[in-house]
Amino acid sequence: MLNQEKFKLLERKKEVAKQGGGKKRIEKQHKKGKLTARERVKLLLDKGSFQELGMFVEHRSQDFGLDKQKILGDGVVTGYGYIKGRLIYVFSQDFTVFGGSLAEAHAEKIVKIMELAMKNGAPVIGLNDSGGARIQEGVVSLGGYADIFYRNTLASGVIPQISAIMGPCAGGAVYSPAITDFNIMVKGSSYMFVTGPNVVKTVTNEEVTAEELGGADTHTSKSGVAHFSVANDIEAIAGIKKLLDYIPQNCEEESPVVPYSEKNELVPELNNIIPENSTQPYDIKEVINKVIDCDTFYEVHKDFAENIVVGFAFLGGKSIGIVANQPAFLAGVLDINSSKKAARFVRFCDAFNIPLLVFEDVPGFLPGTDQEWNAIITNGAKLLYAFSEATVPRITVITRKAYGGAYDVMNSKHIGADLNFAWPSAEIAVMGAKGASEIIFRKEIASSKNPKEKHLEKETEYNLIFANPYIASARGYIDEIIKPELTRKRLIRGFKMLENKVDKLPRKKHGNIPL
Ligand code: HXC
């Protein structure tokens, strides 16, 4: 065939491929409430900015009749484009072609854009919608997955990686999103599990639906595998774009900034948030929203381990990461899930030069056999390690309780925080007054005529001496005790002062975080 004719044939095949696996299959996709791979890419990127790569790629398989079924692109659309003018690499699996299943050529296309993204320092966004390893290609498919997992790992901490799960994601396929920084799942149409309901039934006799086992709600509230659950594909794409507003292109760039000039930054409403009674809850998100630039809080992992709140915000025009104990949920106690959630967030922020702000109101670690047997020791240490290792600017505000090991863990000065403020309501001590007085005044209480009254008296005495921020500030562990209304002003100035911070970890191959 002449070159010209070959070219014309390819152009015709290209048009067919652009329609995915055909009109009927696209209709099926739409009926499930899903967009097609190309519709998703179009919605994600700035108008007309998508440059496709690898459109002519075909699989090379000869088995099970695959030699007669070749669709250009091999079930994944890959390339680059721009979001709000920023370079982005994207792959979007096409469920209408071989069920979006991943095989040799499909994987090679994904690897190609991942490598380009790393060399050019830009985020990779993966839109996942796939039946898993292409069964007809056998081990070659498995190899393709591993090639991707390897690149995910090498890219981790170099460029942001964001996964949207917009259809099936089962078996080993789950491990690529698991390594990426953020997972967004679409309710009702996506699921993730290592083994599906049928295998579960055979092995454990449990009856469970795909949605219950690995749907968006399950992974955002129970397992914590996913960070965001959204109603549909359109919201998923919007979520990705919003997330990108807060994060830089790569680990060499600073966190994003928007124009800001200092005004009167006093927030008097903050003076009335802490309840009179220190055992009463309040919502830390109210504090966060009053301190940051108006309406900029983007909460991550909202429905998982609600006793800690993490998310991005702008403060004085600069993107920061926030970690805050939540007294309105389990009294803000630290437990296994909250430690893991916060540790991963801290590491993301540190990897991408996003300064960290911590609000602390924590009564300690959650006691109990469940926590101890499931390794609160190792898991709590993750958060301690993550903060200790973080070299970005770090500021803590103790709003109320800072007790026990949790005082150390929550970005204390001792583990490298740069500035620590306390509100006058802060209680910084080894443990709460009730427990402490029971231990240290046990004999005195037991020998008194009225032990109950004595205990109360000793509790008050302990509170007066220890449950305040003054001892810590006299030691320099707290830089300043501030009226709550001053918090925003102090933080803006503090982060400005720290903007050129240079801090390095000791030379090493890598640390050994307690996993
Ligand atoms: C080849 C596949 C495929 C696969 C789907 N298809 N999955 N082809 N390999 N893994 C094809 C179907 O044959 C069908 O082709 C088309 O895609 C659409 O699939 P349907 O079954 O019609 O769609 P639906 O009813 O929506 O069901 C979707 C599904 C189901 C639940 C994902 O297709 C399914 O169970 N697929 C197999 C899932 C699986 O076991 N994958 C391997 C997991 S193990 P036609 O031409 O008929 O329309 C794994 C290991 C990875 O992934 C390990 C990495 C380390």
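The values are calculated or read from the model by the stated rules, or taken from the named source; none is laboratory data. Since this is a predicted model, take the numbers as computed values, not measurements. Every residue, glycine among them, receives a Cβ derived from its backbone with ideal geometry; neighbour counts consider all protein chains shown.
Points to keep in mind about this one:
- Scan of segment 169-183 for residues that are touching a residue at least 60 places away in the same chain (Cβ under 8 Å) and either within 16 Å of the ligand (Cβ to nearest atom) or assigned to a loop (DSSP other than H, G, I, E, B) (or both), ordered by number: Ala173, Asp181
- Criterion (surrounded by 23 or more Cβ atoms within 10 Å (Cβ to Cβ), aliphatic (A, V, I, L, M) and more than 13 Å from the ligand (Cβ to nearest atom)) met by exactly one of Val186, Val158: Val186
- Selection of segment 282-320 for residues being crowded, with 24+ Cβ neighbours inside 10 Å and over 18 Å from Thr220 (Cα atoms) yields Ile284, Val287, Val291, Ser319, Ile320.
- Residues being at pLDDT 95 or above, surrounded by 15 or more Cβ atoms within 10 Å (Cβ to Cβ) and basic (Lys, Arg) are represented in segment 230-248 by at least one member.
- Condition met for Val323 (surrounded by fewer than 23 Cβ atoms within 10 Å (Cβ to Cβ) and outside any helix (DSSP H, G or I)): no
- The residue pairs whose first member lies in segment 192-210 and is more than 18 Å from Gly167 (Cα to Cα), whose second member is modelled with pLDDT of 95 or more and in a helix (DSSP H, G or I), and whose beta carbons are closer than 7 Å, counting only pairs six or more residues apart or on different chains, are Val200/Leu213.
- For segment 390-404, the criterion of being outside any strand (DSSP E or B), in contact (Cβ under 8 Å) with a residue 12 or more places away in the chain, more than 24 Å from Val291 (Cβ to Cβ) and not aromatic (Phe, Trp, Tyr) is met by at least one residue.
- Elements of type helices (runs of 4 or more DSSP H) contained in segment 1-56, each with 1 or more residues being exposed (fewer than 14 other Cβ atoms within 10 Å of the Cβ): 3-18, 23-31
- Test set (1) part of a helix (DSSP H, G or I); (2) in contact with an Asp or Glu (Cβ under 8 Å, 6 or more places away or on another chain) - Gly73 fails condition number: (1)
- Matching residues in segment 130-141 - criterion: being surrounded by fewer than 17 Cβ atoms within 10 Å (Cβ to Cβ) and either part of a helix (DSSP H, G or I) or within 8 Å of the ligand (Cβ to nearest atom) (or both): Ile135, Val139
- Of all residues making up segment 110-129, the number that are within 15 Å of the ligand (Cβ to nearest atom), part of a helix (DSSP H, G or I) and crowded, with 23+ Cβ neighbours inside 10 Å: 1
- Residue in segment 347-364 that is among the polar types (S, T, N, Q), in a helix (DSSP H, G or I) and out of contact with any strand residue (DSSP E or B) (no Cβ under 7 Å at 6 or more places or on another chain) present: no
- Scanning segment 443-456 turns up one or more residues that are at pLDDT below 90, touching a Pro at 6+ places or on another chain (Cβ under 7 Å) and surrounded by 14 or more Cβ atoms within 10 Å (Cβ to Cβ).
- Filter result for the condition that a residue is on the phi < 0 side of the Ramachandran plot and touching a Lys or Arg at 6+ places or on another chain (Cβ under 9 Å), over Met166, Met192, Met185: Met166
- In the set (1) within 13 Å of the ligand (Cβ to nearest atom); (2) buried (at least 24 other Cβ atoms within 10 Å of the Cβ); (3) not in a helix (DSSP H, G or I); (4) not aliphatic (A, V, I, L, M), Ser163 fails one condition alone, (1).
- Residue that is nearest to the chain's Cα centre (by Cα) [pool: residues in segment 76-101 that are more than 10 Å from the ligand (Cβ to nearest atom) and part of a loop (DSSP other than H, G, I, E, B)]: Lys84
- A search for C-beta distances below 9 Å between a residue of segment 93-104 that is over 16 Å from Gly33 (Cα atoms) and any residue that is of a type in the set (Val, Ile, Thr) and near the ligand (Cβ under 7 Å from one of its atoms), counting only pairs 6+ apart in sequence or on different chains, returns Ser101/Ile135.
- Taken over segment 1-54, the criterion of being farther than 21 Å from Ile184 by Cβ and of a type in the set (A, V, I, L, M) is satisfied by Met1, Leu2, Leu9, Leu10, Val16, Ala17, Ile26, Leu53.
This table checks each residue for (1) surrounded by 23 or more Cβ atoms within 10 Å (Cβ to Cβ); (2) in a helix (DSSP H, G or I); (3) over 21 Å from the mean Cα position of the chain (by Cα); (4) more than 15 Å from the ligand (Cβ to nearest atom).
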| position | (1), (2), (3), (4) |
| --- | --- |
| Tyr150 | no, yes, no, no |
| Glu212 | no, yes, yes, yes |
| Asp217 | no, yes, no, yes |
| Lys222 | no, yes, no, yes |
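- Residue check: Ile165 meets all listed conditions (1) within 16 Å of the chain's Cα centre (by Cα); (2) free of Cβ contacts under 8 Å to residues at least 12 places away in the same chain but one, namely (2).
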